[in-house]
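The values are calculated or read from the model by the stated rules, or taken from the named source; none is laboratory data. Computed from a prediction, not measured in an experiment: that's the story for all the values here. Backbone-built Cβ (ideal geometry, glycine too); neighbour counts: all protein chains shown. Protein only, heavy atoms only, side chains kept; ligands, DNA and RNA dropped before computing areas. Shrake-Rupley method; radii C 1.70, N 1.55, O 1.52, S 1.80 Å.
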Amino acid sequence: MMSNDLAGVWEVALSDGVHRIEFEHGTTTGKRVIYIDGKEILRRDWMFKLVGKETFTVGKSDTKATINIDAVSGFAYEYTLEINGKSLKKYMENRSKVTSTWVLNLDGVDCRVVLEKDTMDVWCNGQKIETAGEFVDDGTETHFTLLDHSCCVKAVSSGKRRDGIIHTLLVDGTEIAECTE
């Protein structure tokens, strides 16, 4: 399926999972092909202009992505991926501020749980989870169930303005360590 025109490969962590974006650029044929998670989503043949950009969406939330193709020198090209108008690095740095992610194994099943802090939406392995929120003495609790396990994201003020709110995932009462993607 893949040709030797593979020009760029990026891993993008979104709420619905980590997506692999692959870009083929045939500099002799003018071909451009984009694959997301191994599935071809865009193909252009005989593009006479070898530089430019390709914009597409990725993930269940249709996040905007753009691959920029720039000539560096002679017949050398540079490929950069932007997510929502930001470089991938900037996007991921910002993402770590607006989401919390936990990876755990429940009953032999690997689970990637993502909390979107602005909406308090909870995702697990690409599916948005039904939740119930409640106010408690020291903050809020967002309750949900994963594979018959009782889960709760506790949001508690850190007491420091700079650190803001601390989000903790509890599964059957046990705290799960947050992971950095």
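So here's what we get for this one:
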item: Low-density loop cleavage sites - GluC sites (Glu not before Pro) in the stretch 96-180, where at most 11 other Cβ are within 10 Å (DSSP); result: E130
item: P(r), alpha carbons of the stretch 14-142 - 5 Å bins starting at zero, rounded %; result: 2, 9, 15, 18, 15, 12, 9, 7, 6, 3, 2, 1, 0, 0
item: Carbon plus sulfur fraction of accessible area for the chain, probe 1.4 Å, in percent; result: 51 percent
item: The chain: relative contact order in percent, alpha carbon pairs under 8 Å with at least 6 residues between; result: 12 percent
item: Violating pairs (Cα-Cα greater than 21 angstrom) within the set K49/K89; K90/K128; K39/K97; K64/K89; K53/K117; K53/K97; result: K49/K89; K90/K128; K39/K97; K53/K117; K53/K97
item: Calculated over the stretch 6-84: convex hull of Cα atoms, volume per residue (Å³); result: 80 Å³
item: Exposed trypsin sites (Lys or Arg not before Pro) absent - longest run of the chain, DSSP non-H/G/I/E/B, at most 11 other C-beta within 10 Å; result: 50-159
item: Within the chain, longest stretch clear of exposed chymotrypsin sites (Phe, Trp or Tyr not before Pro) (DSSP loop, no more than 10 other Cβ within 10 Å); result: 76-181
item: 5 angstrom amide H check on K60, placed H, neighbours 5+ away; result: D16
item: Dipole magnitude of the chain about its Cα centre (Cβ charges: Lys, Arg +1; Asp, Glu -1), debye to nearest 20; result: 980 debye
item: Principal-axis tilt of helix 88-98 within the chain, Cα atoms, nearest 10 degrees; result: 10 degrees
item: For the stretch 11-132, accessible area per residue (1.4 Å probe, heavy atoms of protein chains only), Å²; result: 53 Å²
